[in-house]
Amino acid sequence: MSASPAARNPRFAPKPGLIETDLERELVLLDPETRQMFSLNETGRIVWRALGDDEDELARRLSTHFQAALEDARADVRRLLDELARAGLIVPRADAP
Amino acid sequence: MRPELSHSFAVLGRTVSAASAPASLIAWLEEHWHFAEYQTPPHSCHIEIDSSATTRQRSDDPLVHGEAALADGALPFARHGDCWTFGDAVRGLDVEPGSDAARITVRGWGDAVERSLAIALQLALTEALRVSGLVPLHASVADGPRGATAFLGVSGTGKSTTLLHAAAQRARLIAEDLCWLDPASLTVFGWDRAVRVWPETLRRFFPDVSASAPTADGKVLVSYEALGASGARTARLKRLALLTRDEARRSGWEEVEPRAAVGALWEATGVPLSDGARHSVSLAAADLLRRLELGRLVLGEGPLPDLVS
């Protein structure tokens with residue numbers, strides 16, 4: 001059985017309780033539970049601010065913003081979301097269809 | 001029947017009122033929270049402390065347990081929606097922080113101050129003031145010709161010693177351990193009553209200044225006046241200095257990465273309990289890091305540089 005559209009194109013939300021400090025060119029995340037800090041560059045900041053969009057939508061945002069090829073943007077989004085998920089900073093959206 | 005009093009005073013423009021409070025609670029509030037010398041414009045926030053309620057707040061929201069981080073441990077709490085409860089039905093408190101009004105219900109405050117209840121009330125008042133827009137800083141602060149510098153660092157890094165260095169350089173002392181910052185005006189207000197320092201450190205910088213008998217941890221208390229500070233201890237903040245102790249490096253000023261400054265600032269201000277306070281402090285933190293000078297002060301080999309010019 002093939003994966004559902006939502007599973008192929010998941011949506012994520014920030015882990016509840018994270019503290020954000022937006023320095024405009026850099027976004028710093030602090031997890032009060034683990035006391036770990038993470039820094040997102042401009043690309044990461046754009047994706048973070050649009051969390052809730054699915055991966056295709058995120059890729060289109062990056063492609064438009066940086067005037068980059070859509071496939072390159074899609075790869076960047078996938079890589080970033082994987083890193084954020086491994087770090088425990090994002091969770092699947094509960095209201096995803 | 002134990003006498004109960006009502007009392008009201010301003011904390012940086014915010015009104016704190018205590019109804020039906022035992023005298024020991026009023027005295028505690030006066031000692032830790034009333035600094036009449038700080039005259040600021042009135043603010044709409046009203047913090048009400050109620051000692052008359054005997055039943056715990058009820059809520060239909062799910063009960064969530066957590067811990068509030070302290071400098072020397074953690075304090076457990078239970079959260080019902082926007083109400084945090086510390087302690088139990090006999091001795092404890094509930095706090096409901098809000099941007100214009102906060103309600104703190106205290107249970108079991110006796111004639112003698114019980115430490116965990118006092119810590120909980122300290123947390124509750126801190127949270128209420130955070131939501132109202134102020135930022136607490138565990139920092140030492142010294143004022144110079146161009147403005148004040150807040151020295152940030154975890155316990156043991158050297159905040160107090162650095163402050164005495166600054167005093168020896170004729171800086172005006174603002175705070176040794178705790179201050180409150182109004183991020184809109186960048187005005188910082190010293191919030192400790194005396195300088196707490198190791199006796200040998202005091203002797204090193206001010207051999208002729210007298211101090212209290214050592215406290216339980218061996219440190220002594222010195223009045224700000226004895227160290228040359230007079231009048232209201234307020235100043236305009238211009239710089240955040242991250243202290244780094246490293247005997248392998250030369251003492252002096254270095255540049256600091258914004259991310260490191262973010263970490264140090266959150267360490268100094270503490271993580272708020274409520275989403276409202278976290279949002280308020282997050283915005284303030286980002287704004288402060290844009291407006292203030294940032295630097296790393298290495299406490300290493302050799303004499304310290306000018307600390308406040």
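Taken together, the values in this text are just the output of simple stated rules run on the coordinates, not laboratory data. The structure presented is a predicted model; accordingly, all values stated were derived computationally and were not measured. Neighbour counts are summed over all protein chains in view; Cβ atoms, including those assigned to glycine, are modelled from backbone coordinates with ideal geometry.
When the chain is fully extended, how far beyond the present Cα-Cα distance does B:Ser99 get from B:Ala213, taking 0.36 nm per residue of separation? Don't jump to the answer; show the numbers that get you there.
Working: separation 114, 0.36 × 114 = 41.04 nm, distance 4.17 nm.
Length gained between B:Ser99 and B:Ala213: 36.9 nm.
Of all the stretches in chain B, which is the longest one without any exposed loop site, taking GluC sites (Glu not before Pro) in a DSSP loop (any state but H, G, I, E, B) with at most 13 other Cβ atoms within 10 Å?
Values: sites that count: B:Glu37, B:Glu255.
In short, B:38-254.
What is the fewest-to-most order of B:Cys179, B:Cys45 by other Cβ atoms lying within 10 Å of their Cβ? Intermediate results must be reported in sequence, preceding the final value.
Working: B:Cys179 26, B:Cys45 23.
If I rank by nearby Cβ atoms, fewest first, I get B:Cys45, B:Cys179.
First select every other residue whose beta carbon is under 10 angstrom from the beta carbon of B:Gly270; then total the charges, Lys and Arg +1, Asp and Glu -1. Walk me through the numbers before you get to the answer.
Values: positive: B:Arg130; negative: B:Glu127, B:Glu267.
Once positives and negatives cancel, what remains is -1.
Go ahead and run the numbers for FRET between A:Asp82 and B:Ser185, Cβ-Cβ distance against an R0 of 51 Å, rounding to 0.05.
With R0 = 51 Å, the Cβ-Cβ based efficiency is 0.70.
Apply the Karplus curve 6.51 cos²θ - 1.76 cosθ + 1.60, θ = phi - 60°, to the phi angles in the stretch B:119-130 and return the couplings in whole Hz, x for Gly and Pro.
Coupling constants for the stretch B:119-130: 5, 5, 5, 4, 4, 5, 5, 4, 4, 4, 6, 4 Hz.
Rank the residues A:Glu26, A:Glu71 as a footprinting-exposure proxy: fewest other Cβ atoms within 10 Å of their Cβ go first. Can you show the working numbers first?
Values: A:Glu26 17, A:Glu71 10.
Listed from fewest to most nearby Cβ atoms, that is A:Glu71, A:Glu26.
In terms of the Cα gyration tensor, with a ≥ b ≥ c the square roots of its eigenvalues, is the stretch B:1-159 rounded because a/c is under 1.5, prolate because a/b exceeds b/c, or oblate? Write down the numbers at each step before the final one.
Working: a/c = 1.68, a/b = 1.37, b/c = 1.22.
Judged from the Cα gyration tensor, the stretch B:1-159 comes out prolate (a/c at least 1.5, a/b above b/c).
Count, for each residue of A:10-18, the Cβ atoms from other chains sitting within 10 Å of its Cβ, then give me the mean as a whole number. Intermediate values should be presented prior to the final figure.
Working: counts 0, 0, 0, 0, 0, 0, 1, 4, 1.
If you average over the peptide's residues, the count of other-chain Cβ atoms is 1.
Once phi is turned into ³J(HN,Hα) by the Karplus curve 6.51 cos²θ - 1.76 cosθ + 1.60 with θ = phi - 60°, what whole-Hz value does each residue of the stretch B:151-165 show in order, with x for glycine and proline?
Per residue, the Karplus-derived 3J(HN,Hα) values read 9, 9, x, 5, 4, x, 6, x, 4, 5, 4, 4, 4, 5, 4 Hz.
Under a 5 Å amide H to amide H cut-off, with H placed in plane at 1.01 Å, what residues pair with B:Leu178 once short-range neighbours are removed?
It is B:Ala139, B:Trp191, B:Asp192, by chain and number.
Just counting partner chain Cβ atoms within 10 Å, what average do the residues of peptide A:56-65 show around their Cβ?
Values: counts 0, 0, 0, 0, 0, 0, 0, 0, 0, 0.
Counting other chains' Cβ atoms within 10 Å and averaging over A:56-65 gives 0.
Order these by the 10 Å Cβ neighbour count, fewest first: A:Ile90, A:Ile19, B:Ile174.
On the way: A:Ile90 23, A:Ile19 19, B:Ile174 28.
In increasing order of surrounding Cβ atoms, one gets A:Ile19, A:Ile90, B:Ile174.
Taking amide H atoms as placed 1.01 Å from N in the peptide plane, list the residues 5 or more away in sequence, or in a different chain, whose amide H sits under 5 Å from that of A:Ala13.
A:Val91, A:Arg93
Is the protein assembly as shown best put as rounded, prolate or oblate by its Cα gyration tensor, with a ≥ b ≥ c the root eigenvalues, rounded for a/c under 1.5, and otherwise prolate when a/b is larger than b/c, oblate when not? Working shown, then result.
Values: a/c = 2.33, a/b = 1.29, b/c = 1.81.
Oblate shape, in that a/c is at least 1.5 and b/c is the bigger or equal ratio.
If you take the square roots of the eigenvalues of the alpha-carbon gyration tensor of the stretch A:21-97 and sort them as a ≥ b ≥ c, do you get rounded (a/c under 1.5), prolate (a/b over b/c) or oblate?
On the way: a/c = 2.06, a/b = 1.35, b/c = 1.52.
Because a/c hits 1.5 or more and a/b fails to exceed b/c, the stretch A:21-97 counts as oblate.
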